[in-house]
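Contents: one structure, followed by commentary.
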Amino acid sequence: MFDFMIQNRETQVAAAPVLFLSSAMGETWEWNGIADCLGPRGACQMFDHPADWAHAAFIAPDGAHLVAHGAAAYDALRVAAGYGEMVRSVTLIDPDLIAGLPELAACLQFRRHAGMIRRVQTRVAEEDRVGAAELAVDWWMGRGAWSRTAPELRGRLEKAIARLSADWQRQAAAPFDLTELSGIAAPVRVITGRRAPSDTRAMTRLLKMVLPELSARFVKFASASAHLTDPHIVGPDVSNFIVSCDLAWQDQPEQRMAA
């Protein structure tokens, strides 16, 4: 049925760490399936706070692979831009970056995304967490998605929405420019669904034009975040990308020494 076998991560061998960072509305356990695809080749660590995750990246003695979801893509690119000589690869799932690229907010491709962020932040400021979470979920997952969400998950998302709003504010306070992004040398892989919001797909295509070492995959029939809950869809893809980047890393020691 599946084209890979789950590996036992308790038998890990020495390997560069693979550092997973969840979005504000995610959970660390959601990475387990994708991490299992790496098996003993990946020393996987999961985080839900950017500061702890970035610290783990900084102290990795031989570089690290960065994997981030949603608004956490901003943190992955920020680390890759500032400390690129120690970043082996960057994998972004459904990157949510428009708050960190304010010059693009007025473009037709990104107006819906920017407008959703404004409306969510207004609801958060009014302490309407339910309304804010509903706006975000329906935008990412499709109209009516909130009404089909399990009550327990709704409660979790309601608690997390203020943190997501704060992440957008953090992006806006220290935005990227496209020239800065174009200087990222690490290989980048972007994964999103063909049924993800058009703004997300447009962001992926924009990054593909800006970042010199970027490849992208649009997952057939998937909406945003669906491939996290069904990791067999992209787990082998992420694993193959990270392993191939490790091989390239080993081949370029002189470049790292000169950086």
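The values are calculated or read from the model by the stated rules, or taken from the named source; none is laboratory data. Fair warning: this is a prediction, and the values are worked out from it, not measured in the lab. FYI the Cβ positions are ideal-geometry reconstructions off the backbone, even for glycines, and counts take in every protein chain you see. These accessible areas exclude ligands, DNA and RNA; they are computed on the full protein's heavy atoms, side chains included. Shrake-Rupley method; radii C 1.70, N 1.55, O 1.52, S 1.80 Å.
Worth pointing out:
- Restricting attention to the range 174-190 and to residues that are within 20 Å of L247 (Cα to Cα) and of a type in the set (A, V, I, L, M, F, W, C), the residue that is farthest from the chain's Cα centre (by Cα) turns out to be A185.
- Residues in the range 89-109 that are closer than 21 Å to S225 by Cβ and open to solvent by 10 Å² or more (accessible area, probe 1.4 Å) were compared, and the one that is farthest from the chain's Cα centre (by Cα) is Q109.
- Some residue of the range 224-244 being assigned to a loop (DSSP other than H, G, I, E, B), hydrophobic (A, V, I, L, M, F, W, C) and open to solvent by less than 30 Å² (accessible area, probe 1.4 Å): yes
- L211 being open to solvent by 20 Å² or more (accessible area, probe 1.4 Å), more than 18 Å from M141 (Cα to Cα) and under 17 Å from the mean Cα position of the chain (by Cα): no
- Taken over the range 135-145, the criterion of being farther than 9 Å from V120 by Cα and buried (at least 19 other Cβ atoms within 10 Å of the Cβ) is satisfied by V137, W139, W140, M141.
- Test for F47: is it open to solvent by 70 Å² or more (accessible area, probe 1.4 Å), hydrophobic (A, V, I, L, M, F, W, C) and at negative phi: no
- Residue count for the range 51-85, restricted to those that are touching a residue at least 60 places away in the same chain (Cβ under 8 Å) and either among the hydroxyl-bearing types (S, T, Y) or open to solvent by 10 Å² or more (accessible area, probe 1.4 Å) (or both): 6
- Pairs, first surrounded by 23 or more Cβ atoms within 10 Å (Cβ to Cβ) in the range 1-28, second assigned to a loop (DSSP other than H, G, I, E, B) and at pLDDT 95 or above, C-beta under 6 Å, six or more apart: none
- From the list S223, S182, the lone residue that is touching a Lys or Arg at 6+ places or on another chain (Cβ under 9 Å) and hydroxyl-bearing (S, T, Y) is S223.
- Among the conditions (1) touching a helix residue (DSSP H, G or I) at 6+ places or on another chain (Cβ under 9 Å); (2) within 21 Å of S225 (Cα to Cα), the only one that T28 does not satisfy is (1).
- Flag if E103 is farther than 19 Å from A222 by Cβ and part of a helix (DSSP H, G or I): yes
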